[in-house]
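The values are calculated or read from the model by the stated rules, or taken from the named source; none is laboratory data. For clarity, every value in this text was computed on a predicted model and none was experimentally measured. In this analysis, Cβ positions are derived from the backbone assuming ideal geometry, glycine residues included, and neighbour counts consider all displayed protein chains.
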Amino acid sequence: MANQQRNLAPESIFKRFWTSAIAFLNQLREKETWQTVWHWGLWRTIPKRRRILKRIQELQPLHANAPPEMRALRDEVFSKSCLELKRPEQEQILLDTLTHVHQPLGFEQIFFAAIYPVLLKRDMVVIPMTTETPHRLDVEIGYLGHNEDYFFWVLEIDSTKRLTLNTPLNPRIEARDDKRYTIYSLGSSGLVDTDFAEYAEQWLLDSPRLTIALPLLAAAYADQWILNARLYLAHILTDLKKRNYKVTAMVIPDFERERLSLLRRLSLDRLRKRQLLSERRNR
């Protein structure tokens with residue numbers, strides 16, 4: 001019996017080693033694995049790293065009920081978003097916005113950090129709003145509309161509510177002074193179905209090794225969060241574009257509406273003349 005156990009032990013160790021080696025080689029064949037390793041190595045060599053690390057340290061601690069791996073994931077998404085920003089003051093604005101959350105769970109900060117570079121590329125400004133509701137981030141997002149006039153919409157990102165790519169939008173319209181604006185109340189947890197445990201299984205990591213590999217694992221996991229958050233933002237922007245005229249035109253005076261209508265007609269006339277000239281030249 002003892003001899004059988006001695007024979008089984010080496011076989012079991014060899015089998016586990018062989019399975020791990022095959023899985024590791026399969027991972028190396030995946031393009032995403034090399035991208036993760038590349039970004040992980042690049043992050044540790046770029047000059048901006050020290051400044052971004054300093055800002056990460058200024059992020060507030062997460063609530064005690066937050067998942068243990070959420071801090072590494074939040075920091076990774078924050079750093080990736082900061083790498084996309086061109087100026088240090090933009091990084092500071094993002095940091096100041098994220099620190100407005102009362103008792104953060106991490107999901108709300110991850111969602112907004114992921115979409116912040118996209119908002120800047122669309123020439124939108126971000127103004128954090130104070131709220132006493134825990135685990136929620138309220139943000140006013142402004143843009144210049146008709147006649148260089150300021151319009152805005154609001155995001156209410158709640159970590160206690162679930163959100164998937166198929167979650168329907170349920171916006172509401174409110175008024176502030178002479179402006180009507182749209183409020184999008186969203187969840188933020190569940191935007192990525194795969195959890196850290198499943199990622200650990202893919203990488204064949206048990207609990208002790210998971211702690212060591214957490215930075216590399218968070219880098220791979222963060223990319224999926226950023227992608228899904230920006231996909232959902234695209235749904236919001238599409239909805240906002242559809243209702244934009246209805247929301248903003250209500251506060252435009254009649255003479256301004258007529259002026260804009262005249263400008264559109266003149267633009268159409270110029271376009272038609274260009275098309276006629278082009279057709280004559282081609283004859």
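Criterion first (at pLDDT 90 or above and either under 19 Å from the mean Cα position of the chain (by Cα) or closer than 23 Å to ASN228 by Cα (or both)) does HIS100 satisfy it?
Spelling it out, HIS100 is indeed at pLDDT 90 or above and either under 19 Å from the mean Cα position of the chain (by Cα) or closer than 23 Å to ASN228 by Cα (or both).
If you go through region 54-105 one residue at a time, how many are over 15 Å from LEU120 (Cβ atoms) and free of Cβ contacts under 8 Å to residues at least 24 places away in the same chain?
6
If you go through region 134-145, how many residues are surrounded by fewer than 18 Cβ atoms within 10 Å (Cβ to Cβ) and either among the acidic types (Asp, Glu) or modelled with pLDDT of 90 or more (or both)?
So the answer is 2.
Among the residues of region 37-51, is there at least one that is assigned to a helix (DSSP H, G or I), of a type in the set (A, V, I, L, M) and at pLDDT 85 or above?
No, because not a single residue in region 37-51 is assigned to a helix (DSSP H, G or I), of a type in the set (A, V, I, L, M) and at pLDDT 85 or above.
Can we say PHE78 is closer than 15 Å to SER159 by Cα and of a type outside the set (S, T, N, Q)?
no
Within region 98-112, how many residues are assigned to a loop (DSSP other than H, G, I, E, B) and not hydrophobic (A, V, I, L, M, F, W, C)?
5
Could you tell me whether region 124-131 includes any residue that is within 16 Å of ALA234 (Cα to Cα) and assigned to a loop (DSSP other than H, G, I, E, B)?
Yes, there is a match, as at least one residue in region 124-131 is within 16 Å of ALA234 (Cα to Cα) and assigned to a loop (DSSP other than H, G, I, E, B).
Which one of these is in the same structural domain as LEU59 (by TED's automatic domain parsing), modelled with pLDDT of 90 or more, surrounded by 13 or more Cβ atoms within 10 Å (Cβ to Cβ) and assigned to a strand (DSSP E or B): LEU186, LEU95?
After applying the criteria, what remains is LEU186.
Just to be sure, is PRO88 loosely packed, with under 14 Cβ neighbours inside 10 Å, within 21 Å of TRP225 (Cβ to Cβ) and either at pLDDT below 90 or more than 17 Å from the chain's Cα centre (by Cα) (or both)?
When the stated conditions are applied, PRO88 does not pass them.
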